[in-house]
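Here's the structure, in structure tokens; my notes come after.
The values are calculated or read from the model by the stated rules, or taken from the named source; none is laboratory data. Keep in mind it's a predicted model, so treat the numbers as computed, not measured. Positions of Cβ are generated from backbone atoms using ideal geometry, with glycine treated the same way; all protein chains shown enter the neighbour counts. Ligands, DNA and RNA are stripped out before the accessible areas are found, and what is left, the full protein with its side chains, is counted by its heavy atoms. Shrake-Rupley method; radii C 1.70, N 1.55, O 1.52, S 1.80 Å.
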Amino acid sequence: MNQPSVTEQATLTADGLEARLREIGEQRYHHRHPFQLMLQNGELDRRQVRAWALNRYYYQAMIPIKDASLMARLEDPEWRREWRTRLVDHDGEAPGEGGIERWLKLTDGLGFERELVQSTRAILPGTRFAVEAYVHFVRDRSLLEAIASSLTELFSPKVIGTRVSGMLEHYDFISEETLAYFRPRLTQAPRDAERALSYVREHARRADQQQAVMAALEFKCDVLWTMLDALHHAYIDGHVPPGAWDGESGLVAGATP
């Protein structure tokens, strides 16, 4: 039996759309990924935790760039002011502030030189491709889809709490100080998610718009899942690609010592 086309699908109420979005998050968010479960359950070694922090930096560093491109398309100054808080959260108001700086404190604590981290030259190709796909999606797709793709923040606080408590319990090389990035996110992410959700509830009124919103959230979940797939393949399955960080030696795979 053929599936109904988008034009034939029933339009959902705002509450119905929100319920579908939350179902997508429960099914597809990376809280179910094996690498995430190993990270929070203390099943990774120091090298694997370091690889996660090094690669995740690229995602953190590109978030304000992604958000700046989105904000430039917001015609309502009130919404621009709302979205600007995301840039401040990550970039800070001055040098030495913000979420990116706090992530660098994590990589500092794990023994990385900042130059290596900030250069991003040693990250996995899968990390780079996934993050840049997200940046391009937000830049190139409709404003509604771009905003909807941020709705993974609806689900992040539960993962953050589990991740932080698990890492502090299981890894003696992790401390409250090195995990300082995550504390503000417990309040920032729900605030941002509710704002984005209110926009989607208001503007996704037609069936085609609602389908696009759900697809955007699925895409963002795929981005996060793909990043962890790349880490698992490289640092658990043992297939570190040429050019990527190779472990405790500090070398880059395929590079000349």
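Protection proxy ranking of 48-58, 127-137, by the mean of other Cβ atoms within 10 Å over each peptide's residues and highest first, is 48-58, 127-137. When only Cα pairs below 8 angstrom with a gap of at least 6 residues are kept, the chain shows a relative contact order of 32 percent. According to the square roots a ≥ b ≥ c of the eigenvalues of the Cα gyration tensor, what is the shape class of segment 130-257, taking rounded for a/c under 1.5, prolate for a/b larger than b/c otherwise, and oblate for the remainder? Oblate, since a/c reaches 1.5 and b/c is not below a/b. Diffusion of segment 50-185 by Stokes-Einstein, at 4 °C in a medium of 1.567 mPa s and with Rh set to the Kirkwood radius over alpha-carbon pairs, works out to 81 µm²/s. Within the same chain, lysines fewer than 8 places from residue 158 are excluded, and of the rest, those with a Cα less than 18 Å from its Cα are 220.
Seen against the Cα atoms of the chain and their longest principal axis, helix 182-203 is set at about 20 degrees. Working note: Karplus 6.51/-1.76/1.60 with θ = phi - 60° gives segment 154-167 the couplings 4, 10, 5, x, 5, 5, 4, x, 5, 5, 5, 5, x, 5 Hz, where Gly and Pro are set to x.
Among 145-155, 81-91, the peptide with the highest mean count of other Cβ atoms within 10 Å heads the list, and the full ranking is 145-155, 81-91. Our summary gives segment 45-159 a relative contact order of 33 percent, counting only alpha carbon pairs under 8 angstrom and 6 or more residues apart.
Solvent-accessible area per residue in the chain equals 47 Å², computed with a 1.4 angstrom probe and all protein chains kept. Compute the distance from the alpha-carbon center of segment 210-249 to that of segment 105-150, in whole Å. Cα centres, segment 210-249 to segment 105-150: 11 Å.
Expressed as an acute angle from 0 to 90° and rounded to the nearest 10, what is the orientation of the C-alpha long axis of helix 77-91 relative to the principal long axis of the chain? Tilt relative to the chain: about 10 degrees.
Taken about its Cα centre, the chain carries a charge dipole of roughly 220 debye when the Cβ of each Lys and Arg holds +1 and the Cβ of each Asp and Glu holds -1.
Between 0 and 90 degrees, the angle of helix 207-231 with respect to the longest Cα principal axis of the chain falls at about 10 degrees.
Here segment 37-127 is treated with +1 on each Lys and Arg Cβ and -1 on each Asp and Glu Cβ, and its dipole about the Cα centre works out to around 320 debye.
Charges on Cβ only, +1 for Lys and Arg, -1 for Asp and Glu, centred on the Cα centroid of the chain; of 236, 111, 123, which one is farthest towards the dipole's positive end? Checking the options against the dipole of the chain, the answer is 123. Taking each DSSP H run with n ≥ 4 as -39500 (n - 2.57) and averaging over every residue of the chain yields -21000 deg cm²/dmol at 222 nm. Computed over segment 121-257, relative contact order equals 38 percent, with contacts defined as Cα pairs under 8 Å that lie 6+ residues apart. For segment 21-112, rounded, prolate or oblate, judged on the Cα gyration tensor with a ≥ b ≥ c (square roots of eigenvalues), a/c < 1.5 rounded, else prolate if a/b > b/c? The shape class here is oblate.
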